[in-house]
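**Student:** Let me begin by handing over the structure; questions about it come next.
Bear in mind that the values in this text are calculations on the coordinates, not laboratory data. Small disclaimer: the values here were computed from a predicted structure and weren't measured. FYI the Cβ positions are ideal-geometry reconstructions off the backbone, even for glycines, and counts take in every protein chain you see.
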Amino acid sequence: MATPGIVLTTTDSEAAAQTLGRALVEERLAAGVAISAIASIYRWREEICETAEWLLILNTDLDRLGEIEAFVRSRHTYEVPELMAFPASGGFDAYLQWIVANTRPSSP
């Protein structure tokens, strides 16, 4: 059974975001990826950091979250990449079906 939802991750450059987003769609791990520039403030190794980042919002089937995590971790430049998932609690049914249809693994 499919679980449509969104996954968030960030990168340190627009090029990295574009590369990762495209690869996620090509591998059918995301039906679509929205990318936006953001300002981030966070604590890392006991220091307060302020940096520009690029937020990727993946429209995906959360049943593939383990695969998404492995894929992101293998290609990410961060030691501890952000990766958070949220199920869709509602939405336009046709759109949710589109997400599921476009995140099914390809047939060999």
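**Student:** On the basis of being exposed (fewer than 12 other Cβ atoms within 10 Å of the Cβ), under 17 Å from Thr9 (Cβ atoms) and not charged (D, E, K, R), does Phe92 make the cut?
**Tutor:** Details: exposed (fewer than 12 other Cβ atoms within 10 Å of the Cβ): yes; under 17 Å from Thr9 (Cβ atoms): no; not charged (D, E, K, R): yes.
Against the criterion (exposed (fewer than 12 other Cβ atoms within 10 Å of the Cβ), under 17 Å from Thr9 (Cβ atoms) and not charged (D, E, K, R)), Phe92 does not qualify.
**Student:** Could you tell me which numbered condition Ala52 fails, if it satisfies all but one of (1) within 29 Å of Met1 (Cβ to Cβ); (2) surrounded by 11 or more Cβ atoms within 10 Å (Cβ to Cβ)?
**Tutor:** Going through the list (1) within 29 Å of Met1 (Cβ to Cβ); (2) surrounded by 11 or more Cβ atoms within 10 Å (Cβ to Cβ), Ala52 breaks only (1).
**Student:** Further question on the same structure: Exactly one of these conditions fails for Arg73: (1) without any contact (Cβ under 8 Å) to a residue 40 or more places away in the chain; (2) under 22 Å from Met1 (Cβ atoms). Give me its number.
**Tutor:** Looking at each condition in turn, Arg73 falls short on (2).
The rows are residues; the columns are (1) touching a helix residue (DSSP H, G or I) at 6+ places or on another chain (Cβ under 6 Å); (2) surrounded by 14 or more Cβ atoms within 10 Å (Cβ to Cβ); (3) hydrophobic (A, V, I, L, M, F, W, C).
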position	(1), (2), (3)
Leu8	no, no, yes
Thr11	yes, yes, no
Leu29	yes, yes, yes
Ile48	no, no, yes
Asn59	yes, yes, no
Val72	no, yes, yes
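**Student:** Would you say Val7 is β-branched (Val, Ile, Thr) and under 22 Å from Pro105 (Cβ atoms)? Can you show your working first?
**Tutor:** Working: β-branched (Val, Ile, Thr): yes; under 22 Å from Pro105 (Cβ atoms): yes.
So Val7 fits the description; yes.
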